[in-house]
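One structure is given below, encoded as structure tokens.
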Amino acid sequence: MNMAIRVYLLLFIVLSYSYTAFSLYEDQVGLMDWHQQYIGKVKHAVFHTHKAARKRVVVSTEENVISSLDLRHGDIFWRHVLAPTDVIDQIDIALGKYVITLSSGGSILRAWNLPDGQMVWESTLLGPNASKPLLLVPANFKVDRENVMFIYGNGFIHAISSIDGEFIWKKELASEGINIQQLIYTDGSDTISAVGFVGTHRFGAYILDVKSGELLKYKSMEFTDGFSGDLSLVTDDTAVAIDSIGTSLVTIQFHDGLISFHQTLLSHLIQDFRRAAVISPSNIPGAFILETDNSVTLIKVISRGELKVVEELGHATAVSDALFLPGGQQAFALVQHRDGKILLTVKLDSDDGTSNLLEETIHLDNQRGKVQKVFINTYVRVDRSNGFRVLIVMEDDSLFLLQQGEIVWSREDGLASIVDVKPVVLPVEKDGVSVAKVENNLFEWLKGHLLKLKGTLMIATTPDDVAAIQKMRLLSSGKSKMTRDRNGFRKLLIVLTRAGKLFALHTGDGRIVWSRLLRTLRKSETCQSPRGISLHQWQDPHHHALDQNPSVLIVGRCGDSLDSAGLLSIVDAYTGEERNHMEPVHSIVHIIPLSFTDSLEQRLHLLLDANRRAHLYPRTAEALDIFQRESGNIYWYSAETEEGTLRGHSVHKNCVLEEADNFCFDSRDLWSIVFPSESEKIAATATRSLNEVVHTQAKVTEDQEVMYKYVSKNLLFLATVAPKDVGPIGSVTPDESYLIAYLIDTVTGRILHRVTHHGSVGPVHAVFSENWVVYHYFNLRAHRYEMSVIEIYDQARAENKDVLKLVLGTHNLTSPITAFSRPEVSTKSQSYFFAHSLKTMAVTLTAKGITSKQVLLGTIGDQVLALDKRFLDPRRTVNPTQAEKEEGIIPLTDSLSIIPQSYVTHTLKVEGLRGIVTVPAKLESTTLVFVYGTDLFFTRLAPSRTYDSLTEDFSYALLLITIGALVIAIFITWVWSEKKELQEKWR
Amino acid sequence: MATTTIAQILSCFFLLNIVLQLATTSFAFQSDELLVDDDEFGLEGGRLPDPPPETRPATSTRRRSAESGSDLDSKIQFQLEHAFGDSDFSPAGTFTARLKKWPNGGQTLTKLRFSRNALSQTDKENFKRLIEGDDFYQIRLPSNLLNQLGREHVISSVKARCLSQRDALDEHFVINMDGVNVLGVNYGPPGSCQYPRVSRPPTKWSFNSHTLLKYSNEVLRTPVFTEAVLGENGEGEELKPPERSFWAKYWMYLIPLGLIVMNAMTQAMNLPEEQGTGQPGSQGPQAISGRGQAPAVRRRN
């Protein structure tokens, strides 16, 4: 009998081990989450290829990333994301081992170790007035055996040692009001020149002693026609600029302190010159590139400032800087588009004209747009001739390395600048598309199951086994299939990037299903600087899910101001095809998705323009009919942060326009709230998510009392701070700082709750869900961050506990509620100290709203922390009673403790974190979380554990084995006991 | 806890208010100076209990008496304007209040009184039209009471049908204040508004007005440190209370024990019974023979 107990115990232990795996094990990483690293659109690139074992390219990007990329595969060796305010101006490589970056408008100079990206030194270059930042790293120039580089920033020229960032000398140059455009140093000379414009009509040149910084000469000369735009350096003593009216080119020669101008009419150089010529910033010694609206021309400066057109380069072209070849020649790369292909030309530039060194055609998919930037690099081929590789940046921000007419690697770096995200369900699995695979042969099958068993019993120790198990799990889970799954984990994430490209990412593994550069969001004649604003679910077929695809609405704007013309486009979510697009329409300030759909299941949208008109989409008679029926119950609000007012609006009547438009409606103001400009400034607003589901409207407290949640979709949380607080840190003292939190009904403009936090300042982050709002701010008095929670309860229904009424149906629980009734609400609130500074906040959403909520906090360290709402309960008390404890109330603490395991991103960082999107899965316990910034991260969360399903890696085999073992054990013990009984009988 | 005490005080005050009002209705021009202590709450002026015993004439008398009242704090007057649907705003009534200056430089309003102008014939017509068309009745107040010119107004609207649910018109103002600034006004019926709204023009063209001034309340942080010390003491106390009964503590042991005892007892009782009544009786003979055999075997050992 003892034996049997032992067997049972053993089995029990084994079983209990296999069930308690709630947290993540090392081999489970990547099973339901993925992380992608990006760098953003490349601004500058410096190659580092000679005598280096690992060939690399150092890039700086518009996302403020400095990164070293593997030239063979495009992988990231190392990467640093600088603060958004610390914009990188220039990069270069010094001493062959340091990457030098100049950032913050020429104020901060840093050196990073090239192999591993460690920061070596940092220097701050301060000065009185902002100026164009310039960085010049001479190849081999030394002062006292120290390598020196020159930096111009904030009106000062600095000579700085490359080794340690020490100042060698500095000299102010801005005293004359000069706007320095270029620094010139010729190898081996004793002087360094700084040239620029004084005002718009004068050219000035400083000549300084390179060793001491002593000013040797300053010359300036007036040019009567004036200059416009930047100065472009052609050789060490020649520069070109365009005159102020834009009709002629000015060649400026400054040799040894003598300045001379030479003017050439553009119409002489270019055949059909009309207007708007720009000198492209490419740096090709002896020549420059002139771009007009219909041509790109390479122009050479010959003796005495004469100009000569060398070559017409055709349309839509990008040109690289010049590259010096070992033989003293120079080459530059040129990229043109021809018949949907890319034509790469490397030109050799010599004294007697140019010749083509290389001509290659590369086929790129047509969703990349035009080439924006080219960077060239050379290498020595097997036959000792010069080979070239180029790095190109495309219109969709992607990065390509081309070599020998092929794409060596590509990076989708547009994904580093996501503007908006919208989840879309995948198609329903159709009959006949069975994905169930039969294992190849018995041996494989056995091996697989042995590995699985090993994994479950945690005896797989070798890394190979672990990797094999992981791979097998990935395969068996089928999570990257392109069909809907029962639990709703597989979805498509449609993301819009700043470049105007739309991507569909699969939630299973993060791969790009399709991508499309939207025609609507590309630069055109009618729209000069288009940009995407937001994505909206346009059509979400439920009844026609088998034969119709869902679609998304993309809203954009021409230009940055709110009153610029709007752009609309509707894209099929499964194929990426543009179904419909509208050319520049009325301005778009706000988009309201209405809760009505037409017979095609297209959602009605109300687009508000800058003139306070509302435009209805889709523009069909049916939609208009639905809208007019419901228009009496449509209200919206607008917050004007500048004026400090909040207004409520409703639809009034059709617009009075020159041409009648049935789909345009005038709005009228229904209410307004005026925040006194001298004492309050709007800092943050938060509303409930439109698709949030609230499961229960009542909350039962420990003493069997019912509290009704005030669940209204029209609640707005708004926080105002003292107007002084908007300034930099320290501009407000604790005594004069305060933060006021409001809860406002947006239909009637009632202020339901108003509460003041003295001594608190912004920035305020808030999240609104169900009947509670959680907000985060800084408490100046306590010198700590603080988080507060407000819960709002409906008192009007508090008496509504009459069971008889409920039975008879005379209670008012199901009667329609109008916002015009006077609400009787009560609030409960509590504040807690919190350790982290935040970037963004979100809340988990589940399908039915039963699962308890977690607040997701995007911390300043670019991680995501999941905090149970329980911790932010306003009913926490210091000594909860037994009944309260049973209800799950935690004893009150002063601050919210952070449990290290509650980091959703575990050890990973989502660099440059900007937003968190939560999507409910079909499985009630689970919510999908997508975090975006420069990096992307996706995972699945179960705030109350997966109470409604077995985990995906649940081993059914083990369960069967266990049952089998139990049956055997029962049999054995039965035999034993029989035997024993028999023996006892015979005794 | 604090809110309940305030509520208690308030309810006491309302009671007092009712009593006083009932008392003063007979002497129409008697001053109600006893109400001075409502300043203490800084909360409201002439908020009346929900079923108002009288219509507005009472407030107008009260206003006059207030004017003759204290002279330390300045008096302030501002207008309520209304609009019918799309019409322009026109004066509709006057609010009067006392401006109380606090030592810390803050200013608050107390003793708010409101008198509504009588509705003109056109107003009535307009109002009827609103009720028929289920349109909005709009009101507005200046956003700054001291410097009313050039400032914005705070607007509020309500469906006219919501005001006209009984014979007369009922309205309820909650004016949200910050010093002398009006942040917003919550305007609507004093109770609920039924939905769907029914068109029912009032029979009596007068407003029952209820007004309430509301200032912001401060966040009170539950001090955890101070009570943490108490908490330690409390913990010591807390160890004692779970003095549960013996039965509550050990029931899980007692029940099996009881069962075992009972089992043993029945067995012990069975044994002598079997010995005594081993003969066939009215029960099944097989069962008895079966039972009889087992002890027989045992005895053989």
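The values are calculated or read from the model by the stated rules, or taken from the named source; none is laboratory data. Given the structure is predicted, the values throughout are model-derived calculations rather than measurements. Using ideal geometry, Cβ is built from the backbone for each residue, glycine included, and neighbour counts are taken over all protein chains shown.
Odds and ends about this structure:
- Yes/no for A:Tyr742 being within 14 Å of chain B (Cβ to nearest Cβ) and either over 25 Å from A:Arg822 (Cβ atoms) or not in a loop (DSSP other than H, G, I, E, B) (or both): yes
- The residues on offer are A:His581, A:His615, and the sole one that is assigned to a strand (DSSP E or B), touching a Cys at 6+ places or on another chain (Cβ under 6 Å), within 26 Å of A:Thr520 (Cβ to Cβ) and more than 13 Å from every other protein chain (Cβ to nearest Cβ) is A:His615.
- Residue within the stretch A:622-640 that is among the small types (Gly, Ala, Ser), away from every other protein chain (no Cβ under 14 Å) and in contact with a strand residue (DSSP E or B) (Cβ under 9 Å, 6 or more places away or on another chain) present: yes
- Condition check for A:Thr756 on (1) surrounded by fewer than 21 Cβ atoms within 10 Å (Cβ to Cβ); (2) closer than 27 Å to A:Thr701 by Cα; (3) of a type outside the set (Lys, Arg); (4) at pLDDT 90 or above: one failure, at (2).
- Under the condition of being more than 10 Å from every other protein chain (Cβ to nearest Cβ) and either at pLDDT 90 or above or assigned to a helix (DSSP H, G or I) (or both), the residues counted in the stretch B:155-170 number 1.
- Members of the stretch A:655-673 found to be within 14 Å of chain B (Cβ to nearest Cβ) and assigned to a strand (DSSP E or B), listed by number: A:Asp666, A:Ser667, A:Arg668, A:Asp669, A:Leu670, A:Trp671, A:Ser672, A:Ile673
- Hey, A:Val552 under 30 Å from A:Ala639 (Cβ atoms) and among the aliphatic types (A, V, I, L, M) or not: yes
- When A:Thr877 is tested against (1) within 30 Å of the chain's Cα centre (by Cα); (2) within 14 Å of another protein chain (Cβ to nearest Cβ); (3) of a type outside the set (Lys, Arg), exactly one condition is not met: (1).
- Of the residues making up the stretch A:294-324, those that are in a loop (DSSP other than H, G, I, E, B) and either at pLDDT 80 or above or under 26 Å from A:Ser260 (Cα atoms) (or both) number 5.
- In this structure, A:Thr934 does not satisfy being loosely packed, with under 15 Cβ neighbours inside 10 Å and over 17 Å from A:Met841 (Cβ atoms).
- Number of residues in the stretch A:283-332 that are over 23 Å from A:Arg381 (Cβ atoms), of a type in the set (Gly, Ala, Ser) and surrounded by fewer than 15 Cβ atoms within 10 Å (Cβ to Cβ) equals 3.
- Within the stretch A:697-729, the set of residues being of a type in the set (Gly, Ala, Ser), without any contact (Cβ under 8 Å) to a residue 12 or more places away in the chain and in a loop (DSSP other than H, G, I, E, B) comprises just one member, A:Gly727.
- Taken over the stretch A:760-780, the criterion of being touching a Pro at 6+ places or on another chain (Cβ under 7 Å) and within 10 Å of chain B (Cβ to nearest Cβ) is satisfied by no residue.
- There is at least one residue in the stretch B:173-190 that is closer than 23 Å to A:Val825 by Cβ, assigned to a loop (DSSP other than H, G, I, E, B) and facing chain A (nearest Cβ under 10 Å).
- Residues (of a type in the set (S, T, N, Q), surrounded by fewer than 12 Cβ atoms within 10 Å (Cβ to Cβ) and in contact (Cβ under 8 Å) with a residue 40 or more places away in the chain) located in the stretch A:881-906: A:Gln901
- Which numbered condition A:His836 fails, given (1) touching a Phe, Trp or Tyr at 6+ places or on another chain (Cβ under 8 Å); (2) farther than 22 Å from A:Tyr708 by Cα; (3) assigned to a loop (DSSP other than H, G, I, E, B); (4) within 14 Å of chain B (Cβ to nearest Cβ): (4)
- Evaluation of A:Asn366 against (1) within 27 Å of A:Ser515 (Cα to Cα); (2) of a type in the set (S, T, N, Q); (3) surrounded by 14 or more Cβ atoms within 10 Å (Cβ to Cβ) (one fails), failing number: (3)
- Members of the stretch B:192-246 found to be at pLDDT 50 or above, closer than 30 Å to A:Glu786 by Cβ and more than 10 Å from chain A (Cβ to nearest Cβ), listed by number: B:Leu213
- Residue in the stretch A:739-752 that is touching a Gly at 6+ places or on another chain (Cβ under 8 Å), over 30 Å from A:Arg797 (Cα atoms) and crowded, with 20+ Cβ neighbours inside 10 Å present: yes
- For the stretch A:912-937, the set of residues classified as farther than 20 Å from A:Ser689 by Cα and either in a strand (DSSP E or B) or at pLDDT 95 or above (or both) consists of A:Leu936, A:Phe937, listed by residue number.
- Count of the stretch A:528-556 residues which are touching an Asp or Glu at 6+ places or on another chain (Cβ under 8 Å) and either crowded, with 18+ Cβ neighbours inside 10 Å or assigned to a strand (DSSP E or B) (or both): 8
- A:Gln271 being of a type outside the set (Gly, Ala, Ser) and within 30 Å of A:His337 (Cα to Cα): yes
- Strands (runs of 3 or more DSSP E) lying entirely in the stretch A:202-253 (those with 1 or more residues that are within 46 Å of the chain's Cα centre (by Cα) and at positive phi): A:227-235
- Taken over the stretch B:112-152, residues that are under 24 Å from B:Leu213 (Cα atoms) and more than 14 Å from chain A (Cβ to nearest Cβ) amount to 8.
- Selection status of A:Val732, modelled with pLDDT of 90 or more and not in a strand (DSSP E or B): no
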